[in-house]
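Worksheet for the structure shown next.
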Amino acid sequence: MKYGKKYADSLKAYDRSKTYDVNEAMGLVIDTAKAKFDETIELHVRLGVDPRQADQQVRGVLVLPNGTGKTKKVLVIAKGERADIAKEAGADFVGAEEMIQKIQTENWFDFDVVITTPDMMGVVGRIGKVLGPKGLMPNPKSGTVTMDVAKAITEVKAGKVEYRLDKTAIIHCPIGRKSFGKEKLGENFTALMDAIIKAKPAAAKGQYIKSVTVASTMGPGVKVNYAKL
């Protein structure tokens, strides 16, 4: 596989076969983020579970201590008082059937998160086939189907992330930006890893955490010593 010059230079900066302590790993992932923009730093965790089994799913949400570095646009599907509360709480877009129609007819997706009230799920369900594949379908487990729309909006704006297992038993989740620095990235990393460890399914057997890697948007992965977590 042929790498670009910056990527190749980054590979020379550390030993890819070695695992590093959290602080050192954060320093390396920052040093190897060579792009001209403020790269996102992602955590990738391979778990020793079977994603095909319903009782071995790993999923949850948490507000990262230092946020994600990204301001998310929030669409709230609600009516009446809840719609008014959503507007006051800082939602970027608020509406009901007209928003569903806008998505259907205009292929409009200028938002990052959809929050709705339980009574509106029937309406939102009409576009489930387009929201689902994009990871935008509201879900009670992720706190995006709720009567407390103000709290949900505040958490999203504060840096709430959702982590979930993919088909290959890996969790991919952002933990911040290069500009955060080692300390803030380390705090977000620790908070997310703690949540993943606590979310271990009772049905999971053997070694739960197989590998932990951090990487920037354009940079190579740096292995983290998970034995100390």
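Sequence neighbours fewer than 8 away in the same chain don't count; with that in mind, list the lysines whose C-alpha is under 17 Å from LYS102. Here the lysines satisfying the reach criterion relative to LYS102 are LYS73, LYS79, LYS129, LYS134.
Rounded to the nearest 20, the size of the Cβ-charge dipole of the chain about its Cα centre is 920 debye, with Lys and Arg at +1 and Asp and Glu at -1. Across the stretch 76-142, Cα pairs under 8 Å and at least six residues apart give a relative contact order of 34 percent. Between the stretch 163-221 and the stretch 37-56, the alpha-carbon centres lie 7 Å apart.
In the elastic network of the chain, a GNM with C-alpha springs shorter than 10 Å, the most mobile of LYS210, LYS151, LYS18 is LYS18.
When the residues HIS44, HIS172 are ordered by accessible surface, computed with a 1.4 Å probe over the protein chains alone, the sequence from largest down reads HIS172, HIS44.
A simple spin-label model places pseudo-atoms 7 Å from Cα toward Cβ; at ASN23 and ASP84 they are separated by 5.3 nm.
Rolling a 1.4 Å probe across all protein chains gives PHE111 an accessible area of roughly 10 Å².
Could you report the stretch 129-199's accessible area per residue, 1.4 Å probe, as an integer in Å²?
On the way: 3540 Å² over 71 residues.
Accessible surface, normalised per residue, equals 50 Å².
Of all the options LYS70, LYS129, LYS178, the one that moves most in a Gaussian network model of the chain with Cα springs shorter than 10 angstrom is LYS129.
Hey, what angle do you get for helix 22-31 against the long axis of the chain, alpha-carbon based, 0 to 90 degrees rounded to 10? Helix 22-31 sits roughly 80 degrees off the main axis of the chain.
Computed over protein heavy atoms with a 1.4 angstrom probe, the accessible surface ordering of VAL212, VAL94, largest first, is VAL94, VAL212. Converting phi to 3J(HN,Hα) with the Karplus coefficients 6.51, -1.76 and 1.60 and the offset θ = phi - 60°, the stretch 200-205 yields 4, x, 4, 7, 6, 10 Hz in sequence order, with x at every glycine or proline. For the chain, the longest principal axis of the Cα atoms and the long axis of helix 181-198 meet at an angle of about 70 degrees.
Based on the alpha-carbon gyration tensor of the stretch 1-134 and its eigenvalue square roots a ≥ b ≥ c, which shape applies: rounded if a/c is under 1.5, prolate if not and a/b is larger than b/c, or oblate? Verdict is prolate for the stretch 1-134.
Per DSSP H run of at least 4 residues, take -39500 (n - 2.57); add these up for the chain, divide by its residues and hand me the 222 nm value, nearest 500 deg cm²/dmol. Write down the numbers at each step before the final one.
Values: 8 runs with 72 residues, N = 229.
Helix-only estimate at 222 nm: -9000 deg cm²/dmol.
Taking the Cα centre of the chain as the origin and placing charges on Cβ (Lys, Arg +1; Asp, Glu -1), which of PRO201, VAL29, ALA91 is farthest toward the positive end of the dipole? Farthest towards the positive pole: VAL29.
Can you send over the carbon and sulfur percentage of the accessible area for the stretch 115-212, probe radius 1.4 Å, protein chains only? Each step should come with its number before you reach the end.
Values: 2610 of 4810 Å².
For the stretch 115-212, the apolar C and S fraction of the accessible surface comes to 54 percent.
Here the Karplus relation 6.51 cos²θ - 1.76 cosθ + 1.60, evaluated at θ = phi - 60°, turns the backbone of the stretch 117-123 into coupling constants of 8, x, 5, 9, 5, x, 5 Hz, with x for every Gly and Pro.
Note on the stretch 46-164: antiparallel DSSP beta bridges, both residues inside, total approximately 40 percent of the bridges counted. Available extension along the chain between LYS70 and GLU162 is 31.7 nm, counting 0.36 nm per residue and deducting the alpha carbon span.
Mind running the shape call on the stretch 102-182? Use the C-alpha gyration tensor, a ≥ b ≥ c as the square roots of the eigenvalues: rounded below 1.5 for a/c, prolate if a/b tops b/c, oblate otherwise.
Numbers: a/c = 1.73, a/b = 1.45, b/c = 1.19.
Prolate, because a/c is 1.5 or more and a/b exceeds b/c.
Taking 0.36 nm per intervening residue step and subtracting the Cα-Cα distance, what contour gain separates HIS44 from THR105 on full extension? Provide the component values of the computation, followed by the final result.
Numbers: separation 61, 0.36 × 61 = 21.96 nm, distance 3.63 nm.
Answer, rounded to one decimal: 18.3 nm.
Restricting to bridges with both residues inside the chain, how much of the DSSP beta-bridge set is antiparallel, in percent to the nearest 5? Write out the running numbers ahead of the final one.
Details: 22 of 31 bridges.
Percent antiparallel among DSSP bridges in the chain is about 70.
The values are calculated or read from the model by the stated rules, or taken from the named source; none is laboratory data. What you see is a predicted model; the values in this text were computed from it and never measured. Glycine also receives a Cβ, built like all others from the backbone with ideal geometry; neighbour counts cover every protein chain displayed. In case anyone asks, the SASA skips ligands and DNA or RNA and just uses the protein heavy atoms, side chains included. Shrake-Rupley method; radii C 1.70, N 1.55, O 1.52, S 1.80 Å.
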